[in-house]
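Please treat every number below as a calculation from the coordinates, not as lab data. Owing to the predicted nature of the structure, the values given are computational and were not obtained by experimental measurement. Methodologically, a virtual Cβ is constructed for each residue, glycine included, from the backbone with ideal geometry; neighbour enumeration extends over all protein chains shown.
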Amino acid sequence: MSKPKLLTQVRIEIRRRGYSYRTEQSYVNWIRRFILFNNKKHPSEITGKEIVNYLNYLAVKRRVASSTQNQAVCAIVFLYKHILDMKVPALDNLKRANKPVKVPVVLTVEEVKNIIKNLTGLQKLIVSLLYGSGLRLSECLRLRIKDLDFDYNQITVRSGKGDKDRYTILPESLVTPLKNHVKRVKQLHLKDLKNGLGITMLPNALSMKYPNAKKEFRWQYLFPSDSISKEPRTGLRHRYHVSTSFVSRHLKTAVRKSDCNKQVTSHTFRHSFATHLLQAGYDIRTVQELLGHKDVATTMIYTHVLKMGGHAVKSPADTL
């Protein structure tokens, strides 16, 4: 039996390891570009110098962000280590893309109120949860029904950044709206089951371990899409969660209506969540755990914001 093509081998290995579809697309695209850059030479024949030339081309000629260059490095390392079973050549003289130091945009409580006031329905509930629980947008949209704990007012975030689980707070003000929302989602799920649908994608190999779980309500997405879509890997027709663009589109309109002049994205509400907790007197370790930061140094950026926004440093102009 002939060996699958190189990119097919990459896809098979990524799926075997349980990586996300987005990671699969990213790695395959970077490996394809890498091979094309080297005139379609087989990677096993590409030298370390040629790998460095490609990565330097991304940093110097294409001027990509450091995170983008890192994606390319990860894809190439995956190719050599897990597909070709080769040691990654030494990357001498590699020029790293500059990583700009950025301070987070933080909203005032009044600005948060004004923006959320200009949202309605599902998008309002999602943005309120981003601010009230400090979730990343992807974490929020991937929530399942079972991840909400109304008894303890907490949310379980599964496979967050770094593939780690954590708990965060479920705001008391959102308990009733979320319970009502869950009832609507259940009605939609029952309708899907009646129509021969109602199946959801389960993480990793859970669908094999628990074959009936994919139809259980507790495994359904908390924020399901209006439409049924086809899973690109398996062809399974299921109801995925709403898209990030759905939230971003409505958020952009709400920010404009609120006359807020700051650069606001969904992540701004996570920054605001952390800063407002510190303003309220909560210790930085608690905030670190709620945000899921690996290192407290990452959380420390919000203390810098407080020192400036909280007027700990007085401008000499204010003494005039």
query: Each residue of the stretch 75-88 in turn: what ³J(HN,Hα) in whole Hz from Karplus with 6.51, -1.76, 1.60 and θ = phi - 60°, glycine and Pro shown as x?
result: 5, 5, 4, 4, 4, 6, 6, 9, 9, 8, 6, 10, 6, 5
- prompt: Each residue of the stretch 51-59 in order: what ³J(HN,Hα) in whole Hz does its phi give by Karplus 6.51 cos²θ - 1.76 cosθ + 1.60, θ = phi - 60°, with x for Gly and Pro?
  reply: 5, 4, 4, 5, 5, 5, 4, 4, 6
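Quick one: of K102/K230; K99/K262; K41/K95; K179/K215; K87/K230; K124/K191, which pairs are farther than 27 Å apart, Cα to Cα?
Table pairs above 27 Å Cα-Cα are K102/K230; K87/K230.
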- prompt: Could you give the length gained on full extension between S248 and V88, defined as 0.36 nm per residue of separation minus the Cα-Cα distance, in nm?
  reply: 53.7 nm
task: Compare V242, V175, V52 in a GNM of the chain, Cα atoms joined below 10 Å, and give the one with the largest fluctuation.
output: V52
- line: Least to most buried among C260, C140, by other C-beta atoms within 10 Å and fewest first, runs C260, C140
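Let me know the charge dipole size of the chain about its Cα centre in debye, to the nearest 20, where only the beta-carbon of Lys, Arg (+1) and Asp, Glu (-1) is charged.
Charge dipole, the chain, about its Cα centre: 1220 debye, nearest 20.
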message: Give me, ordered by chain and number, the residues 5 or more places off Q154 or on other chains with an amide H under 5 Å from its own placed amide H.
response: D149, L170
statement: Per GNM of the chain with C-alpha springs under 10 angstrom, the most fluctuating residue out of T299, T200, T253 is T253
- line: Per the charge dipole of the stretch 100-228 (beta-carbon charges, Lys/Arg positive, Asp/Glu negative, Cα centre), the residue among T108, N212, I126 reaching farthest to the positive end is N212
query: Check R144: other-chain or 5+ apart residues with amide H under 5 Å from its amide H, H built from backbone geometry?
result: L222
statement: Over all directions, the stretch 1-112 yields a Cα convex hull whose mean projected area in nm² is 9.9 nm²
statement: Sequence order, the stretch 136-149: Karplus ³J(HN,Hα) from phi using 6.51 cos²θ - 1.76 cosθ + 1.60, θ = phi - 60°, Hz rounded, Gly and Pro as x, gives 6, 4, 4, 5, 5, 5, 7, 4, 9, 3, 5, 7, 8, 10
- prompt: In whole angstrom, and with the biggest value first, how far do the Cα coordinates of the chain range along each principal axis?
  reply: 69, 65, 35
- request: Pairs of Cα atoms under 8 Å, at least six residues apart: use those to get the relative contact order of the chain, whole percent.
  value: 18 percent
query: Which cross-chain or sequence-distant (5 or more) residues have an amide H under 5 Å from the amide H of E216, H modelled 1.01 Å from N in plane?
result: none
field: Selected from P43, P171, P224 as most flexible by GNM, with the chain as the system and alpha-carbon contacts under 10 Å
entry: P43
- request: Fewest Cβ neighbours within 10 Å first, please rank Y19, Y27, Y210, Y302 accordingly.
  value: Y210, Y19, Y27, Y302
message: Can you compute the helix-only [θ] at 222 nm over the chain? Use -39500 (n - 2.57) per DSSP H run of at least 4 residues, normalise by all residues, nearest 500 deg cm²/dmol.
response: -14000 deg cm²/dmol
task: Rank these for me by crowding, L130, L94, going from fewest to most other beta carbons within 10 Å.
output: L94, L130
field: Unit charges at the beta carbon, dipole of the chain: most positive-side option, S44, G198, V242
entry: S44
